[in-house]
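Beneath this line is the structure, given in structure tokens, with notes to follow.
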Amino acid sequence: MLHNLFIGELADLLARRQVSSVELTRHFLERIVRLNPGLNALVTLTGDSALAAAAAADARIGAGESAPLLGIPLIHKDIFCTDGVRTSCGSRMLDNFVAPYDATVVERLRSAGGVMLGKANMDEFAMGSSNETSYYGPVRNPWDTTRVPGGSSGGSAAATAARLAPFATGTDTGGSIRQPAALTGVTGFKPTYGRVSRYGMIAFASSLDQAGVFARSAADVALVLQAMAGFDPKDSTSVNQPVPDYHAALQHPLAGLRIGLLKEFFEGLEPRAAALIEDALKVYRSAGAVTVDVSLPSLPLSVPTYYVVAPAECSSNLSRFDGVRFGYRCEAPKDLLDLYKRSRGEGFGAEVKRRIMTGTYVLSAGYFDAYYLKAQKARQRIADDFRTAFDSVDLVIGPTTPTPAFPIGAKVDDPITMYLNDIYTIGANLAGLPAMSLPCGYVDGLPMGLQLIGPHFAESALLNAAHRYQLETDWHRHVPRGYES
Amino acid sequence: MSLTRQEVEKIAHLARLSITEQEMPVYVSSLSAIVAFVDELSRADVGDVAPMAHPLVGQTQRLRPDVVTDSDCHEKYQANAPQVQAGLYVVPRVIE
């Protein structure tokens, strides 16, 4: 079954001409047409341009070219601008928006030979942890279609888990790659802040947003990240540093690796979730890694800090949607103020408006010092705590989420409970650290994720540790029932 | 810590968001809950630390020379505009 193969295996078949990119692309398009109606993971299908891109990839392969992603199908989260293709960001505001240029991530994966099949559903403007805030309706979790896939990159996660593509892109502002990866049993990677260009990636909270990957193994993530990462003059926070060979680093032995166990991640953790982490630690210890207890005293402040910083940046970023230059405009505005207010009031959904208003409040006169300035201080403390921890450990391991996927509708009316889903993932965003989630077992028959967090630019070390774990375990090979064939 | 309806109306105005009568009570209660939740910060002792300016140590925003790097794409960009006339964006009359 082609859809159960890993990217490396598919690339090998393509290179040996045992399958063509057009055949591969047709195979995945057929799966999308058959399986997506039950998942709502994709909001736009680009079959014709996919087949054209696949034919072009076949021509390059025929001319003797070889590259890891040449001819490999993929899905982009609908937050990445795609030239000539609707880019909705899961919002009514951008329901009619056809991007006039490509995001750097899109452009890089295209020139690497990747074949875009379509665009993935997501929480509106990436604000959500369940994919229920999308204008296009919730995405369903392939492991149990009455449950959420997580969010905000829920469509990318569900599509990867259901084998609708070998990999998908995502973005992670507070856990939006790692949390859905955990809840759908796939491998999700959020790089260091600045490692991957944010150009053409619709902004939510610019100091936290980072593009990343959903795939089915750490080895596959390494191949995709290799193509995505690197300096981009079009993004003023892009870091000008050489990109190491991620795939070459996968095989390092783990003997002597120092793994930090964060006290704050295990306090109050449900015993069945804690047992899965303990099982994973046994794998690492038998590979020669040592575990060290560490503490981040300021980490309990991370969720309130995030829910000041992220809404503040969101309120500023989303001021560009004014009903004038692009996006939704209300009917018959009576004056300019009415045009602004009704275009935004009608074009944005409930959660986006809630976050814009939260951000407007914390930035308003009289509250700035108490909330925003205090949050940026707390953020610095959290980053300092991580830096101290990384003096004595190479990486930190813990759960990705407190619980597995919850039922659709269970938390929509309670924003605080929804926000607490991100309790273990937000710290890495506040500190700009690379982090990933990989499947490590089940609670109530639903996948759970193991989270690895490393120091800045430790992508290779994280992928290495994840790959060695996946050589010893087979959680990442499990297919949700109904999606095997 | 709770917000009044008047405060929420003021915030909505500052954010240029129309909020319907049905939505208003939901925002008053949920924004009150969020403000109470993040208010933990105002009580926290974060010590004498400089507020974060960039997630990476020693990094600052890069500047570039102020030169034109793009070609004229206004027609392509304005294809997404709700209303355009003679290459200009059309809005309701601003000056009486």
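The values are calculated or read from the model by the stated rules, or taken from the named source; none is laboratory data. Bear in mind the structure is a predicted one, so any value in this text is a computation, not a measurement. Heads up, the Cβs are rebuilt from the backbone with ideal geometry, glycines too, and the neighbour counts pull from every protein chain shown. For the accessible areas, the whole protein counts, side chains as well, though only heavy atoms, and no ligand, DNA or RNA atoms are used. Shrake-Rupley method; radii C 1.70, N 1.55, O 1.52, S 1.80 Å.
What are the residues in segment B:53-73 that are open to solvent by 80 Å² or more (accessible area, probe 1.4 Å) and over 27 Å from A:TYR193 (Cβ atoms), if any?
Scanning segment B:53-73 gives B:VAL67, B:VAL68, B:SER71, B:ASP72.
Does at least one position in segment A:279-299 carry a residue that is within 12 Å of another protein chain (Cβ to nearest Cβ) and open to solvent by 20 Å² or more (accessible area, probe 1.4 Å)?
Yes, because at least one residue in segment A:279-299 is within 12 Å of another protein chain (Cβ to nearest Cβ) and open to solvent by 20 Å² or more (accessible area, probe 1.4 Å).
Given the conditions (1) under 20 Å from A:LEU261 (Cβ atoms); (2) open to solvent by less than 10 Å² (accessible area, probe 1.4 Å), and given that A:ASP385 satisfies all but one, which numbered condition is not satisfied?
Of everything listed in (1) under 20 Å from A:LEU261 (Cβ atoms); (2) open to solvent by less than 10 Å² (accessible area, probe 1.4 Å), A:ASP385 misses just condition (2).
Out of the residues in segment A:372-382 that are open to solvent by 20 Å² or more (accessible area, probe 1.4 Å) and charged (D, E, K, R), state the one that is nearest to B:ILE34 (Cα to Cα).
So the residue we want is A:LYS374.
For segment A:341-371, enumerate the residues that are of a type outside the set (A, V, I, L, M), assigned to a helix (DSSP H, G or I), surrounded by fewer than 21 Cβ atoms within 10 Å (Cβ to Cβ) and modelled with pLDDT under 95.
Of everything in segment A:341-371, just one residue is of a type outside the set (A, V, I, L, M), assigned to a helix (DSSP H, G or I), surrounded by fewer than 21 Cβ atoms within 10 Å (Cβ to Cβ) and modelled with pLDDT under 95, namely A:ASP369.
With the structure loaded, tell me whether A:GLY409 is open to solvent by 20 Å² or more (accessible area, probe 1.4 Å) and either without any contact (Cβ under 8 Å) to a residue 40 or more places away in the chain or outside the structural domain of A:ASN141 (by TED's automatic domain parsing) (or both) or whether it fails that test.
no
When you look at A:VAL324, is it over 26 Å from the mean Cα position of the chain (by Cα), open to solvent by less than 20 Å² (accessible area, probe 1.4 Å) and closer than 22 Å to A:PHE204 by Cβ, yes or no?
Against the criterion (over 26 Å from the mean Cα position of the chain (by Cα), open to solvent by less than 20 Å² (accessible area, probe 1.4 Å) and closer than 22 Å to A:PHE204 by Cβ), A:VAL324 qualifies.
With A:GLY194, A:GLY137 as the choices, which residue is open to solvent by 10 Å² or more (accessible area, probe 1.4 Å), touching a residue at least 60 places away in the same chain (Cβ under 8 Å), out of contact with any helix residue (DSSP H, G or I) (no Cβ under 7 Å at 6 or more places or on another chain) and in the same structural domain as A:GLU459 (by TED's automatic domain parsing)?
Numbers: A:GLY194 fails: open to solvent by 10 Å² or more (accessible area, probe 1.4 Å).
That would be A:GLY137, the only listed residue that is open to solvent by 10 Å² or more (accessible area, probe 1.4 Å), touching a residue at least 60 places away in the same chain (Cβ under 8 Å), out of contact with any helix residue (DSSP H, G or I) (no Cβ under 7 Å at 6 or more places or on another chain) and in the same structural domain as A:GLU459 (by TED's automatic domain parsing).
Anything in segment B:52-78 that is at the interface with another protein chain (Cβ under 7 Å from one of its Cβ atoms), under 29 Å from A:ARG92 (Cα atoms) and not hydroxyl-bearing (Ser, Thr, Tyr)? List them, or say none.
B:CYS73, B:LYS76, listed by residue number.
From the set of residues in segment A:391-406 that are aliphatic (A, V, I, L, M) and touching a helix residue (DSSP H, G or I) at 6+ places or on another chain (Cβ under 8 Å), which is surrounded by the fewest Cβ atoms within 10 Å (Cβ to Cβ)? Walk me through it before giving the result.
The first filter runs over segment A:391-406 and keeps only residues aliphatic (A, V, I, L, M), leaving A:393, A:395-397, A:405.
With the extra rule that they be touching a helix residue (DSSP H, G or I) at 6+ places or on another chain (Cβ under 8 Å), the set shrinks to A:395-397, A:405.
On the way: A:LEU395: 25, A:VAL396: 25, A:ILE397: 23, A:ALA405: 28.
For segment A:391-406, the residue satisfying everything is A:ILE397.
Restricting segment B:4-26 to residues that are more than 8 Å from chain A (Cβ to nearest Cβ) and under 20 Å from A:ASP413 (Cβ atoms), which is most open to solvent (accessible area, probe 1.4 Å)?
Among those that are more than 8 Å from chain A (Cβ to nearest Cβ) and under 20 Å from A:ASP413 (Cβ atoms), it is B:GLN22.
For segment A:318-340, enumerate the residues that are more than 7 Å from chain B (Cβ to nearest Cβ) and part of a helix (DSSP H, G or I).
A:LEU318, A:SER319, A:ARG320, A:LEU337, A:ASP338
Which pairs turn up if I take residues in segment A:145-170 that are in contact (Cβ under 8 Å) with a residue 24 or more places away in the chain and closer than 15 Å to A:SER437 by Cβ and look for partners that are in a loop (DSSP other than H, G, I, E, B) and among the polar types (S, T, N, Q) with beta carbon separation below 6 Å, at least 6 apart in sequence or on another chain?
Going by the 6 Å Cβ cut-off, the qualifying pairs are A:PRO149/A:ASN131; A:GLY151/A:SER129; A:GLY151/A:SER130; A:GLY151/A:ASN131; A:SER152/A:SER176; A:SER153/A:SER176; A:GLY154/A:ASN131; A:GLY170/A:SER153.
Under the condition of being touching a residue at least 12 places away in the same chain (Cβ under 8 Å) and of a type outside the set (A, V, I, L, M, F, W, C), which residue from segment B:30-51 is farthest from the other protein chains (Cβ to nearest Cβ)?
So the residue we want is B:SER32.
Determine whether A:ARG285 is without any contact (Cβ under 8 Å) to a residue 24 or more places away in the chain and in contact with a strand residue (DSSP E or B) (Cβ under 9 Å, 6 or more places away or on another chain). Spell out how you get there, then give the answer.
On the way: without any contact (Cβ under 8 Å) to a residue 24 or more places away in the chain: yes; in contact with a strand residue (DSSP E or B) (Cβ under 9 Å, 6 or more places away or on another chain): yes.
Answer is yes for this residue.
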